[in-house]
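The values are calculated or read from the model by the stated rules, or taken from the named source; none is laboratory data. Predicted model, so just to flag it, every value in this text is computed and none were measured. Note that each Cβ is placed from the backbone with ideal geometry, even for glycine, and that neighbours are counted across all protein chains shown. The protein model used for the area step is the full one, side chains on, heavy atoms only, and it has no ligands, DNA or RNA in it. Shrake-Rupley method; radii C 1.70, N 1.55, O 1.52, S 1.80 Å.
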Amino acid sequence: MPQRWTVSDQHTRDALIQHIDMLRLSGKKITIEFVPDHITQKQINSLNLWCGQVAEYLNSCGLDQRAVLKEDVSIDWTKESAKTYLYKPILEAMTGKTSTMQQDTVEPSKVADTIARHFGEKFGITLPPWPHR
């Protein structure tokens, strides 16, 4: 049965090494895979908060989805539409990842910075900063 270890301190490191040695001595085959840190729950919360703030701000600036995305219909922004039509396409363009859950811990703020820079250059506005708490 596969096992997953999170090594965050000297104690868990030593325990993992001892476990590997025990398995090796008992003749078991060992495969080790290194997995990068994924987006944290705090970062997911920050992403949702930021998308909501961006939606409110764009609406207050008169930049509905028609002004930014589609010219046919005036549609106000929501947290979900900001995430779907602003954040996710930039995430995919920058990283090739299609889900926010696939992000590592560095990518959320990089994507937000790219979106903010675009709105600054194209519309002359400053989006809300990425939440830190």
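Being out of contact with any Cys (no Cβ under 7 Å at 6 or more places or on another chain) and either surrounded by 16 or more Cβ atoms within 10 Å (Cβ to Cβ) or farther than 20 Å from Q65 by Cβ (or both) narrows it down to one of P108, P89, so name that one. Talk me through it step by step, then tell me what you get.
Numbers: P89 fails: either surrounded by 16 or more Cβ atoms within 10 Å (Cβ to Cβ) or farther than 20 Å from Q65 by Cβ (or both).
Testing whether each residue is out of contact with any Cys (no Cβ under 7 Å at 6 or more places or on another chain) and either surrounded by 16 or more Cβ atoms within 10 Å (Cβ to Cβ) or farther than 20 Å from Q65 by Cβ (or both) leaves just P108.
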Could you check region 67-112 and list, in sequence order, the residues that are modelled with pLDDT of 90 or more, polar (S, T, N, Q) and not in a helix (DSSP H, G or I)?
T78, T98, S99, Q103
State the number of residues belonging to region 53-66 that are part of a helix (DSSP H, G or I) and either out of contact with any Phe, Trp or Tyr (no Cβ under 9 Å at 6 or more places or on another chain) or without any contact (Cβ under 8 Å) to a residue 12 or more places away in the chain (or both).
3
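Quick one: which of R24, R66 is under 30 Å from G124 (Cβ atoms) and open to solvent by 80 Å² or more (accessible area, probe 1.4 Å)?
Working: R24 fails: under 30 Å from G124 (Cβ atoms).
After applying the criteria, what remains is R66.
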Filter result (loosely packed, with under 11 Cβ neighbours inside 10 Å and either of a type in the set (A, V, I, L, M) or part of a loop (DSSP other than H, G, I, E, B) (or both)) within region 2-21
P2, Q3, R4, T6, S8, D9
Hey, E33 hits all of (1) in contact (Cβ under 8 Å) with a residue 12 or more places away in the chain; (2) among the acidic types (D, E); (3) more than 18 Å from T126 (Cα to Cα); (4) open to solvent by 90 Å² or more (accessible area, probe 1.4 Å) but one; which does it fall short on?
(1)
Go through (1) of a type outside the set (A, V, I, L, M, F, W, C); (2) under 16 Å from V111 (Cβ atoms); (3) open to solvent by 90 Å² or more (accessible area, probe 1.4 Å) and name the single condition E71 misses.
(2)
Among (1) outside any loop (DSSP other than H, G, I, E, B); (2) surrounded by 12 or more Cβ atoms within 10 Å (Cβ to Cβ); (3) free of Cβ contacts under 8 Å to residues at least 40 places away in the same chain, there is one condition K122 misses while meeting the rest; what is its number?
(2)
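For region 22-52, what are the residues that are part of a loop (DSSP other than H, G, I, E, B) and not hydroxyl-bearing (S, T, Y)? Give the derivation first.
Going residue by residue through region 22-52, those that are part of a loop (DSSP other than H, G, I, E, B) are 26-37, 39-40.
Those that are part of a loop (DSSP other than H, G, I, E, B) and not hydroxyl-bearing (S, T, Y): G27, K28, K29, I30, I32, E33, F34, V35, P36, D37, I39.
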Is at least one residue of region 36-59 touching a helix residue (DSSP H, G or I) at 6+ places or on another chain (Cβ under 7 Å) and more than 28 Å from V106 (Cα to Cα)?
no
